[in-house]
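What follows is calculated from the coordinates using simple rules that are stated; it is not laboratory data. These numbers come from a predicted model, not from an experiment. Here Cβ is always computed from backbone atoms with ideal geometry, including for glycine, and neighbour counts include all displayed protein chains.
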Amino acid sequence: MEILSISGMTCNACATHVKHALEKLPGVKSAQVSYPLGTAEVVADDSISFDAMAAAVAKAGYAAKQADRAPTPSYGSTDSARSTHPARGDASDLRIAVIGSGGAAMAAAIKAADSGARVTLIERGVIGGTCVNVGCVPSKIMIRAAHIAQLRRRSPFDAGIPPTSPAILRDKLLAQQQARVDELRHAKYESIIEGQPAIATLHGTARFQDDRTLAVTLHDGSSRQVSFDRCLIATGASPSIPPIAGLKGTPYWTSTEALEADTIPPRLAVIGSSVVALELAQAYSRLGSQVTLIARNTLLSRDDPAIGEALTAALREEGLTVLTHAQVGAVAYADGCFALTTNQGEIRAERLLVATGRAPNTAALDLHAAGVHCDAHGAIVVDDHLRTNVPHIYAAGDCTDQPQFVYVAAAGGTRAAINMTGGEATLDLSAMPAVVFTDPQVATVGLSEAQAQRQGIQTDSRTLSLDNIPRALANFDTRGFIKLVAEAQSGRLLGVQAVAAEAGELIQTAALAIRNRMTVQQLADQLFPYLTMVEGLKLAAQTFTKDVTQLSCCAG
């Protein structure tokens, strides 16, 4: 084996480029390239010279020189003996087990490997977890396609650009969607693991034997024991199915089946009133289904009531049937049709989507064997350092009691890895932005008025309708509002709620303002580019002291 020292790499993708360049050389059997270590371990025929390898690396845009030969570490060891590892600080002899391979797991594995730890990644299903495979990525592709279909069918500019009824070729849209999912999974998950010699992957199901050992049942039926010094649980969550009479045994959809379906049903019933239910209900409506949305309470009932009211009006205006305060008592399925018995009458549809939340994937882990505590919903309880009640066992992502967003999971995974390898990092969720990708979008950050008042904070708030925002007027789309919540005495911004087209693009500015403890006056005094939706934040801030209807269109 030839060990090369590689310079010029700036990320794990660079390591993948070097790996591919070396493995294209005739006679090279394999190349393991590490960005954090700056090395390439090449197994090749004796006929392959160093100069040939260096030339291949140079052609890829990097530089190679010969490195001293060192013992090859035995990563992913299944016994308790510590194997040799290149010294990289205090974590160089640390064994870390990571259960899962989604956003939290990958962030933790990469960070821990960069710190010199030996990481064993255990995945029971497809590498990449929920987000890239059956969550964020495919859903946003589908939502975007549905948005394009809607614009062709109907837009504020129909008088000058005559609309047309689009033909929906669902099989082709699905193929395009899946191709991008496969591409991102390979680029952002599989290839990164391949380029990290410090990460060993086991494909199987893990459970705790005790607080230092995992038993892994591999896909081939064999078993493996993995001993660890630290462990991160990042097993994600799965759709939660309510106990409705008759539902079990019917071919109902969860979000997974809805995203993978190759046809658009004539009628679709959706049980649920939160993010997944709303996003997919609108997408299917725009792709041609007659959609009935069944909400046990109101839409997005945990948010400011004005948000649910605005979104309900927008969906109904678009043609969806939205039933609020509706209870489904029973479900029947016969002859290709669902019949739902509700307190507002019977609903019939060819397909039924159940989107009533997600439950943590913790039941099969035997957490009691390790002494790890969960809450009443099966979510692992963690502190702001991502520690469980067992000090050397950590958890992050949707399997915990934290908000179920992939960026929260990834941030938690990174901070858990820092802490597992001797660092000190906390996860502060006080300015956590959230986006619902309906149209109009819903975006929130910080405290709502009700949340602030429950904390004993006296508030002052203002709501700006979108007909006061020049960008919305130019778009001929004034659905929605922007609401700012401030502390009454100091004027410090506490929270922002927005319902608007592209609201998700403005909310991070609000998050930064809250993070930096800005007052609404300081926000109002900032320069914002004219004819952007984010300018609405400035205008909303100005309403605390001015009548914005009396300002010129780009008044400072």
Task: Stokes-Einstein D (µm²/s) once Rh is taken as the Kirkwood radius of segment 446-500 over alpha-carbon pairs, at 25 °C in 0.890 mPa s - done: 206
- [ ] Could you pull out which residues in segment 299-337 have an amide N less than 19 Å from a spot 7 Å beyond the Cα of Glu346, following the Cα-Cβ vector?
- [x] 327-337
Task: Per-residue ³J(HN,Hα) for segment 250-266, Karplus 6.51 cos²θ - 1.76 cosθ + 1.60, θ = phi - 60°, Hz, x for Gly and Pro - done: 8, x, 5, 9, 9, 4, 4, 5, 5, 6, 9, 5, 9, 9, 9, x, x
Open item on the list: Distance cut-off 23 Å, Cα to Cα: go down the list Lys29/Lys59; Lys172/Lys248; Lys140/Lys538; Lys140/Lys172; Lys19/Lys111; Lys19/Lys65 and report the pairs above it.
Closed with: Lys172/Lys248; Lys140/Lys538
- [ ] Compute the distribution of all C-alpha to C-alpha distances in segment 85-152, in bins of 5 Å from 0, and list the percent of pairs in each, rounded to whole numbers.
- [x] 4, 17, 18, 14, 12, 10, 8, 7, 5, 4, 2, 1
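Quick one, could you list the DSSP H helices from the chain stretching 15 Å or more along their long axis (Cα atoms) with average Kyte-Doolittle hydropathy of 0.5 or above?
Working: long enough: 12-23 (17 Å, -0.18); 103-114 (17 Å, 0.93); 136-153 (25 Å, 0.27); 170-185 (22 Å, -1.20); 275-287 (18 Å, 0.89); 305-318 (20 Å, 0.11); 406-420 (21 Å, 0.87).
Span-like helices, by this rule, are 103-114, 275-287, 406-420.
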- [ ] Which order do the peptides 430-440, 451-461 take when ranked by the mean count of other beta-carbon atoms within 10 Å per residue, highest first?
- [x] 430-440, 451-461
Task: Burial order of peptide ranges 312-318, 142-148, 494-500 (average beta-carbon count within 10 Å, highest first) - done: 494-500, 142-148, 312-318
Task: Average silhouette area of segment 2-66, convex hull of alpha-carbon atoms, in square nanometres - done: 3.4
TODO: Using R₀ = 56 Å, calculate the FRET efficiency as 1/(1 + (r/R₀)^6) where r is the Cβ-Cβ separation of Leu527 and His368; round to 0.05.
DONE: 0.50
Task: Distance (nanometres) between label positions extended 7 Å along Cα→Cβ at Ala376 and Asp262 - done: 4.5
- [ ] Under 20 Å from a label point 7 Å along Cα→Cβ of Glu317: give me every residue in segment 464-484 with its amide N that close.
- [x] 464-483
Task: Summed residue charge, Cβ within 11 Å of Thr478's Cβ, Lys/Arg positive, Asp/Glu negative - done: 0
Task: Size-normalised alpha-carbon gyration radius of the chain, reference 2.2 N^0.38 Å - done: 1.09
Open item on the list: Suppose R0 equals 22 Å. What FRET efficiency, 1/(1 + (r/R0)^6) with r the Cβ-Cβ distance, do Tyr407 and Ser238 give to the nearest 0.05?
Closed with: 0.65
TODO: Could you work out how far apart the two model spin labels at Glu183 and Ser92 are, taking each label as a point 7 Å from the Cα in the direction of the beta carbon, and quote it in nm?
DONE: 4.2
- [ ] Report the local net charge at Ala510: Lys and Arg +1, Asp and Glu -1, summed over other residues whose C-beta lies under 12 Å from its C-beta.
- [x] +2
